[in-house]
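Structure, as structure tokens:
The values are calculated or read from the model by the stated rules, or taken from the named source; none is laboratory data. Computed from a predicted model, the values in this text were never measured in an experiment. Note that we place each Cβ from the backbone using ideal geometry, even for glycine, and neighbour counts take in every protein chain shown. Heavy atoms of the whole protein, side chains included, go into the accessibility calculation; ligands, DNA and RNA do not. Shrake-Rupley method; radii C 1.70, N 1.55, O 1.52, S 1.80 Å.
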Amino acid sequence: MGADGELDVFDAGRCADGYALGLAVGRRFADVIRSRMRQDLVLREQLLPFASTAKAAPLLAALQAANRERYPRYWDELVGTADGSGVPLLHVILVNFRKEILPFIPKEGGDHGREEEEEPDGDCSDVLIVSVSTAIAAHNEDGNVALLGHTYLVRATLPDGLSFTAYTCAGELPSCAFGFNSNGVAFTLDSVPPVNDEIVAGAIARNFVSRDLLEAKNLEDAMHRICSPGVSVGHSYNLMDVRGRSIVNVETASGNRFAVHEAGATPFFHANMYRHLQVKQVQDENSMSREKRAAQCSVDSKETALSLLGDTADDKYPIYMTGPTLHTLCTVLVDLDKKTMAIYKGNPKNGEMALVLPML
């Protein structure tokens with residue numbers, strides 16, 4: 001999304017292989033990707049300095065080996081993105097693995113317990129409802145200030161004819177945010193904060209798992225794609241069967257642990273802490289404040305869901321974020337009855353749609 005709130009959409013067409021897709025995206029968004037790499041302080045001040053240390057070498061090697069072996073096409077896509085944009089491959093690798101690297105960067109004072117929330121890198125909020133009259137997932141895509149003006153929408157068709165549409169952060173694999181495919185599978189994502197003891201070094205990365213989700217054949221296959229890999233850091237997935245009019249929230253953690261909650265008529269709000277999978281986690285005050293505020297609001301329709309996601313009643317931790325560090329980059333409403341994904345710019349309470357995408 002540009003600084004003016006307009007979302008740049010790129011249709012890469014039918015791509016012969018992963019490298020060709022990454023190359024096309026890298027070339028099309030070269031300026032945006034380079035700009036993000038220059039302005040991303042997490043990359044500049046944490047990831048790159050750590051990558052030059054002896055401690056980083058085995059971690060980066062293990063991450064590369066594990067993900068390249070399991071997902072060779074997506075690895076080629078990542079390399080193509082670097083080549084197409086002219087950005088060093090290391091920078092692209094680091095932003096795609098940031099969630100798997102940051103917990104292992106030594107902190108001043110030597111405290112590696114991660115019992116307290118660190119500098120926020122990304123948050124999201126979701127409201128899920130499946131009732132007789134309404135079947136929606138409403139999602140705030142929240143991110144670090146470095147992502148402002150550094151996101152875009154990628155459409156692509158694979159050699160087998162499957163196509164997908166994915167909101168993409170500059171330089172990263174599609175999609176660490178939300179997307180859908182021509183098989184009628186859609187998803188939104190929420191980060192979760194396991195403590196360091198719950199994180200496995202050098203295992204499968206979340207960006208590769210969510211890229212794989214874009215190729216899911218159906219809801220069962222989507223479940224398999226997120227629950228079977230041995231991941232480093234867990235995640236929260238809101239999976240949608242567009243044709244079957246169903247939504248499930250799946251929380252995952254290292255060690256192939258997962259828990260499933262099926263959305264129903266009672267609105268289900270998910271921020272950035274585990275709700276139903278028992279995992280030791282950081283007590284994130286931001287997330288807890290948003291959950292508390294959501295519990296005070298009545299949600300029974302698309303309009304009230306968007307109003308909740310636009311809520312700014314809590315000055316310190318609003319659901320709709322406007323900085324200085326975290327910003328709501330956009331809001332998306334997936335309507336399973338209309339079979340559309342609508343992307344809103346600005347506060348969703350104002351109802352200003354930037355784009356409406358048919359999912360089938």
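Between ASP31 and GLN283, what's the calculated FRET efficiency when r is the beta-carbon distance and R0 is 56 Å? Round to 0.05. Can you show the working numbers first?
On the way: r = 40 Å, r/R0 = 0.71.
The computed FRET efficiency comes out at 0.90.
Counting heavy atoms of the protein chains only and a 1.4 Å probe, report the per residue accessible area for segment 16-104 as a whole number of Å².
Dividing the accessible area of segment 16-104 by its residue count gives 43 Å².
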Simple SL model, points at 7 angstrom along Cα→Cβ for LEU41 and VAL260; separation in nm is 4.2
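Write down the accessible area per residue of segment 206-360 in Å², having rolled a 1.4 Å probe over the full set of protein chains. Walk me through the intermediate numbers first.
Numbers: 6290 Å² over 155 residues.
About 41 Å² of surface per residue is accessible.
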Probe 1.4 Å, all chains present, heavy atoms only: GLU251 accessible area in Å², nearest 10, is 0
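Once you have a ≥ b ≥ c as the square roots of the Cα gyration tensor eigenvalues for segment 212-360, tell me rounded if a/c is under 1.5, and otherwise prolate or oblate according to whether a/b is larger than b/c. Walk me through the numbers on the way to the answer.
Values: a/c = 1.77, a/b = 1.15, b/c = 1.53.
Oblate.
Among ASP8, ASP300, ASP284, what's the order by accessible area (1.4 angstrom probe), most exposed first? Walk me through the numbers on the way to the answer.
Numbers: ASP8 60, ASP300 105, ASP284 10 Å².
Result of the area sort, largest leading: ASP300, ASP8, ASP284.
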At the level of C-alpha centres, the distance separating segment 28-74 and segment 125-183, in angstrom, is 22
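Within a Cβ distance under 11 Å of ILE247, other residues only, what is the Lys/Arg minus Asp/Glu net charge?
Details: positive: ARG245; negative: ASP126, ASP241, GLU262.
That sum, taken over residues with Cβ under 11 Å, equals -2.
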Under the 7 Å Cα-to-Cβ spin-label approximation, VAL145 and GLU220 lie apart by a distance in nanometres of 4.9
Low-density loop trypsin sites (Lys or Arg not before Pro), segment 257-360, at most 14 other Cβ within 10 Å, DSSP non-H/G/I/E/B, are LYS280, LYS316
The extension gain from LEU357 to ASP314, computed as 0.36 nm times the residue separation minus the Cα-Cα distance, is 12.3 nm
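Relative to the present Cα-Cα distance, how much length would full extension add between THR157 and LYS338 at 0.36 nm per residue of separation?
Details: separation 181, 0.36 × 181 = 65.16 nm, distance 2.30 nm.
Additional length available on full extension: 62.9 nm.
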In nm², the average projected area of the convex hull spanned by the Cα atoms of segment 16-104 is 5.5
Expected unfolding gain across VAL132-LEU7 under the 0.36 nm per residue rule, minus the alpha-carbon gap, is 41.7 nm
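Carbon and sulfur atoms: what percent of the 1.4 Å accessible area of the chain do they account for?
On the way: 6910 of 13940 Å².
Solvent-exposed carbon and sulfur of the chain make up 50 percent of the total.
Using only helices, what value at 222 nm comes out for the chain when you add -39,500 (n - 2.57) per DSSP H run of length 4 or more and divide by the total residues, to the nearest 500 deg cm²/dmol? Kindly include the intermediate steps, with their values, before the conclusion.
Details: 11 runs with 102 residues, N = 360.
Computed ellipticity for the chain at 222 nm equals -8000 deg cm²/dmol.
Rank these by accessible area, largest first, 1.4 Å probe: TYR317, TYR237.
Values: TYR317 45, TYR237 0 Å².
Reading off the accessible areas and sorting them downward yields TYR317, TYR237.
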Expressed in Å to one decimal, the Kirkwood Rh of the chain from all distinct alpha-carbon pairs is 20.2
